[in-house]
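Note sheet for the following structure.
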Amino acid sequence: MDPISQGALGAVAAESVATSPKLRAWALLGCLAGMAPDLDVFIASTDDPLLFLEYHRQFTHALVFIPVGAFVAALVLHWTVRRILRPIESYLACLVGYATHGFLDACTSYGTQLLWPFTDERFAWNNVSVVDPLFTAPLVAFVVAAAVTRRRVLAILGLAWAAGYLLLGVVQTHRVEAAAVALAADRGHQPNRVTVKAGFANLLVWKIIYEHDGRYHVDAVRAGMDVAVCPGASVAALDIARDLPWLDQHSQQARDVERFRWFSDDYLALDPQRANRVIDVRYSVVPNQIDPLWGVTLSTNAAPDGHVAFFANETIGPGKRGDYLRLLTGVGCGATIPLATAN
């Protein structure tokens, strides 16, 4: 998730096990250690645009690395609280904070290599958005309240809020998955696989993607008291022989496409707007649109050892904001699936 959420969860976890007079020092170290795993974003290369995709949420987020990462964090940070905490206390504060990071990231849809180096599988439980103020704002409030009053019970309540919100996301995930299966069946489709992910900054509007007969179908679901389907679009799954017949299968670009396939969980398609771009179908600003947040651009003139280029759409235009707001309010959503069916 975003750094504020990671820091707040690390802080509240550390506060919940701290002794009251030292609670603020524990919160500081828990916060910083909770954000520390994301320092892997600095592992990048100007020559290899996809290197950061392989290393972000890799070893620094792995379960086996937690004691090591916490030790490094404590080694760096102990001087800030050396008059308050003993070295072992600094380590324990960092350990608790650091341990929250990978688990929280795995709750999002990006993918986290929790079991590295034993497997490179990217765990994505898809029960919360990468940014969600409804999760983060109350959590920050509990962190601050616990630090100001030195009352550990407030930190424990903060942990309860975080756990409850994430569990609500799990419930919503199951409801939306049921809706996706029902939608596919209503269309006469038999999906090979179904993926659902929380829309940006909420647990109300969700994106669903399923694969049927060589196509990805992308729709939105508004999961309130009832579950309403907001129809979307579809796109052909990437077929390199058909879509990129000119691509040399022994070239670096071909290898890069396979690296991007691993990152995107094989949800690849050719960009409908640009024939030389391969996109990650899982992500778009508006859940029921095929409007990629990122992908790779290939070149017919690239050298055999030339890499693809990575692109990311970082701006959200007013039209997209309006489309998303209409989904949040239910405008443009069609058939409603009764609550009992979607559970």
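The values are calculated or read from the model by the stated rules, or taken from the named source; none is laboratory data. Nothing here was measured: the structure is a model prediction, and the numbers come from that model. Here the Cβ positions follow ideal geometry from the backbone for every residue, glycine too, while neighbour counts run over all protein chains shown. Just the protein is used for accessible areas: all its heavy atoms, side chains included, with ligands, DNA and RNA removed. Shrake-Rupley method; radii C 1.70, N 1.55, O 1.52, S 1.80 Å.
Couple of notes before you dig in:
- Condition met for Arg242 (in contact (Cβ under 8 Å) with a residue 12 or more places away in the chain and among the basic types (Lys, Arg)): no
- Boolean, Leu51 is out of contact with any helix residue (DSSP H, G or I) (no Cβ under 6 Å at 6 or more places or on another chain) and open to solvent by 50 Å² or more (accessible area, probe 1.4 Å): no
- Close pairs (6 angstrom Cβ cut-off, 6 or more residues apart or separate chains): in contact (Cβ under 8 Å) with a residue 40 or more places away in the chain and under 24 Å from Arg222 (Cα atoms) in the stretch 273-299, of a type in the set (Gly, Ala, Ser) and part of a loop (DSSP other than H, G, I, E, B) anywhere: Pro287/Gly199
- Residue identified as open to solvent by less than 80 Å² (accessible area, probe 1.4 Å), out of contact with any Cys (no Cβ under 9 Å at 6 or more places or on another chain), more than 30 Å from Ser20 (Cβ to Cβ) and without any contact (Cβ under 8 Å) to a residue 40 or more places away in the chain among Thr173, Thr119, Thr112: Thr119
- Top-ranked residue of the stretch 54-87 - restricted to ones that are open to solvent by 40 Å² or more (accessible area, probe 1.4 Å) and hydroxyl-bearing (Ser, Thr, Tyr), ranked as farthest from Val296 (Cα to Cα): Thr80
- Here Phe200 fulfils each of the conditions (1) at pLDDT 95 or above; (2) within 19 Å of the chain's Cα centre (by Cα); (3) among the aromatic types (Phe, Trp, Tyr) apart from (1).
- Being in a strand (DSSP E or B), more than 23 Å from the chain's Cα centre (by Cα) and aliphatic (A, V, I, L, M) is a condition met by no residue of the stretch 275-294.
- Among the residues of the stretch 24-54, just one is more than 24 Å from Ala8 (Cα to Cα) and among the aromatic types (Phe, Trp, Tyr), namely Phe52.
- Residue that is nearest to the chain's Cα centre (by Cα) [pool: residues in the stretch 127-149 that are polar (S, T, N, Q) and surrounded by 23 or more Cβ atoms within 10 Å (Cβ to Cβ)]: Ser129
- Glu258 meets all of the listed conditions (1) touching a residue at least 60 places away in the same chain (Cβ under 8 Å); (2) open to solvent by 60 Å² or more (accessible area, probe 1.4 Å) but one, namely (1).
- Of all residues in the stretch 19-43, those that are modelled with pLDDT under 95 and outside any helix (DSSP H, G or I) total 1.
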